[in-house]
Amino acid sequence: MASEKVETVVAGNYVEMEREEDVKSTSTKSKLSSMFWHGGSVYDAWFSCASNQVAQVLLTLPYSFSQLGMASGIVFQLLYGLMGSWTAYLISVLYVEYRTRKEREKVDFRNHVIQWFEVLDGLLGKHWRNIGLFFNCTFLLFGSVIQLIACASNIYYINDNLDKRTWTYIFGACCATTVFIPSFHNYRIWSFLGLIMTTYTAWYLTIASLLHGQVEGVQHSGPTKMVLYFTGATNILYTFGGHAVTVEIMHAMWKPQKFKLIYLLATIYVLTLTLPSASAVYWAFGDLLLNRSNALSLLPRTRFRDAAIVLMLIHQFITFGFACTPLYFVWEKFVGVHETKSLFKRALTRLPVVIPIWFLAIIFPFFGPINSTVGSLLVSFTVYIIPAMAHMVTFASPSARENAVERPPRILGGWAGLYITNIFVVAWVFIIGFGFGGWASMVNFVRQINTFGLFAKCYQCPKH
């Protein structure tokens with residue numbers, strides 16, 4: 001009976017939001033805006049999750065396979081894909097729990113975007129909020145940095161008249177225009193196009209590598225060193241840890257309670273892109289990838305490769321927006337303009353967020369190794385350990401489990417099975433991802449600094 005009451009509260013508010021959207025969509029202009037700009041359906045959420053999950057990392061996965069070997073590369077993709085889907089599900093459960101409790105208290109969220117740190121604050125208190133805010137913001141900051149580095153790395157293979165550092169300056173200015181995109185509602189057409197772009201690039205890598213064939217004397221010696229092995233594994237941990245923006249994507253939905261399996265379905269699609277492309281490139285080039293973290297650098301220049309680079313550049317702009325938008329929201333709330341209706345005022349307020357991202361991309365231009373470092377030190381906690389622990393603590397008491405809005409999946413064996421799964425995720429990611437992965441990725445990262453130096457003008461550029 002209690003759960004029926006809860007469902008009524010949740011459904012009532014979401015239906016109210018839908019009605020509001022219907023009113024807005026009466027004119028032709030509003031209908032066009034809704035079609036291309038203002039999304040909130042299950043399909044929008046799926047496109048956002050799939051598009052955001054695999055961007056520049058698609059180009060570094062063959063590099064990870066050269067460190068791990070083919071078998072381990074495939075196993076880690078499947079394992080972390082499943083783990084990532086599970087913790088995204090946990091985040092969605094906690095979001096619905098938080099929102100339901102707040103709406104019972106008559107809190108109105110129509111001019112406010114709920115974020116992960118607010119969910120932690122509402123359910124577990126300020127200490128959890130502060131931890132969540134630190135890890136989430138730091139991860140998204142470096143996630144945005146990685147997109148800028150990737151832009152410079154990719155465009156260099158079309159136009160090497162400018163070095164990668166100069167390209168980083170240029171793309172930093174371009175990506176700053178994302179301050180004008182209000183929220184995740186407004187990524188409808190971009191998410192759709194972004195997924196088409198990565199799909200093209202993934203299948204280009206696969207087909208081009210198979211047609212190219214194996215290079216003469218190709219060797220597949222991985223894994224050879226523990227440092228390389230765990231560096232590769234944490235890059236894959238990073239790949240399937242793109243759900244730091246799950247709460248914001250859910251909040252942009254008309255019916256957030258339908259999010260449950262969206263991330264899993266997005267991950268399944270992403271695996272159809274990452275597994276064939278990484279396997280094919282590694283099969284063709286083998287150990288050459290150990291010194292070429294960007295897979296595009298080994299393929300001959302053709303119009304198809306140039307098309308893949310241009311599409312990835314556009315997609316990295318979109319993914320920069322995905323990673324940066326939650327940071328914009330946090331900054332808006334900090335300076336007190338989040339609920340203002342003036343888009344121009346919000347855009348001006350957001351600009352300072354881009355400056356440190358720009359600066360960090362110039363200091364650490366290590367495309368590939370930086371993914372593993374961010375994966376082990378930040379992603380491990382942000383989207384794996386903290387959500388699993390938060391879920392266990394939230395529903396630790398019998399009364400919390402009794403009144404839970406979302407029950408555990410029956411296939412897991414109820415609450416006991418859910419807790420066992422969560423404990424496994426926390427233990428595995430802490431020991432393998434953060435422990436071994438953190439050690440390996442930091443050793444590799446320091447090696448890049450010693451080899452190329454900070455503020456490297458052109459990281460891994462061939463000598464003219």
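The values are calculated or read from the model by the stated rules, or taken from the named source; none is laboratory data. Keep in mind that what you see is a predicted model, and the values were worked out from it rather than measured. Cβ coordinates were reconstructed from backbone atoms using ideal geometry, including for glycine residues, and neighbour counts include every protein chain displayed. Surface accessibility is based on the protein's heavy atoms, side chains included, excluding ligands, DNA and RNA. Shrake-Rupley method; radii C 1.70, N 1.55, O 1.52, S 1.80 Å.
Quick one: grab the alpha carbon gyration tensor of the stretch 324-464, order the square roots of its eigenvalues as a ≥ b ≥ c, and give me rounded if a/c is under 1.5, else prolate or oblate depending on whether a/b is larger than b/c.
oblate
Work out, step by step, the length gained on full extension between residue 335 and residue 355: first 0.36 nm times the residue separation, then minus their alpha carbon distance; give nm to one decimal.
Length gained between residue 335 and residue 355: 5.5 nm.
Let a ≥ b ≥ c be the square roots of the eigenvalues of the Cα gyration tensor of the stretch 163-208; is it rounded (a/c under 1.5), or, if not, prolate (a/b larger than b/c) or oblate?
Oblate, because a/c is 1.5 or more while a/b does not exceed b/c.
Write down the accessible area per residue of the stretch 68-195 in Å², having rolled a 1.4 Å probe over the full set of protein chains.
Here the residues of the stretch 68-195 average 36 Å² of exposed surface.
³J(HN,Hα) across the stretch 449-455 via Karplus (A = 6.51, B = -1.76, C = 1.60, θ = phi - 60°), whole Hz, x for Gly/Pro?
Values per residue, Gly and Pro as x: 5, 5, 7, 9, x, 5, 6 Hz.
Could you state the orientation-averaged shadow area of the convex hull built on the Cα atoms of the stretch 132-205, in nm² to one decimal?
Answer in nm², one decimal: 6.6.
Which shape class applies to the stretch 122-277: rounded if a/c is under 1.5, otherwise prolate when a/b exceeds b/c and oblate if not, where a ≥ b ≥ c are the square roots of the Cα gyration tensor eigenvalues?
Prolate, because a/c is 1.5 or more and a/b exceeds b/c.
Roughly how many Å² is the accessible area per residue of the stretch 210-319, as a whole number, for a 1.4 Å probe?
37 Å²
Quick one: with all protein chains in place, what share of the accessible area of the stretch 248-301 is carbon or sulfur, to the nearest percent (1.4 Å probe)?
Of all accessible area on the stretch 248-301, carbon and sulfur atoms account for 66 percent.
Measure nothing but the geometry: give the 0 to 90° angle between the long axis through the Cα atoms of 126-155 and the longest principal axis through the Cα atoms of the chain, rounded to 10°.
That helix lies at roughly 40 degrees to the long axis.
Which angle between 0 and 90 degrees, to the nearest 10, do you get for helix 2-24 versus the longest principal axis of the chain when only C-alpha atoms count?
On a 0 to 90 degree scale, this one is about 70.
Taking Cβ-Cβ under 4.7 Å as the only way to count a partner, pick out the unpartnered cysteines of the chain.
49, 137, 151, 174, 175, 324
Students often get this wrong: which residues of the stretch 154-169 have the backbone nitrogen under 17 Å from the point 7 angstrom along Cα-to-C-beta of residue 455?
Under 17 Å, as judged by backbone N against the label point of residue 455, lie 163-169 of the stretch 154-169.
If the chain between residue 345 and residue 310 were fully stretched, how many nm would it gain, using 0.36 nm times the residue separation less the Cα-Cα distance?
Result: 9.4 nm gained on full extension.
Within the stretch 359-376, which residues have the backbone N less than 17 Å from the label spot 7 Å out from residue 219 along Cα→beta-carbon, could you tell me?
Under cut-off, by backbone N: nothing.
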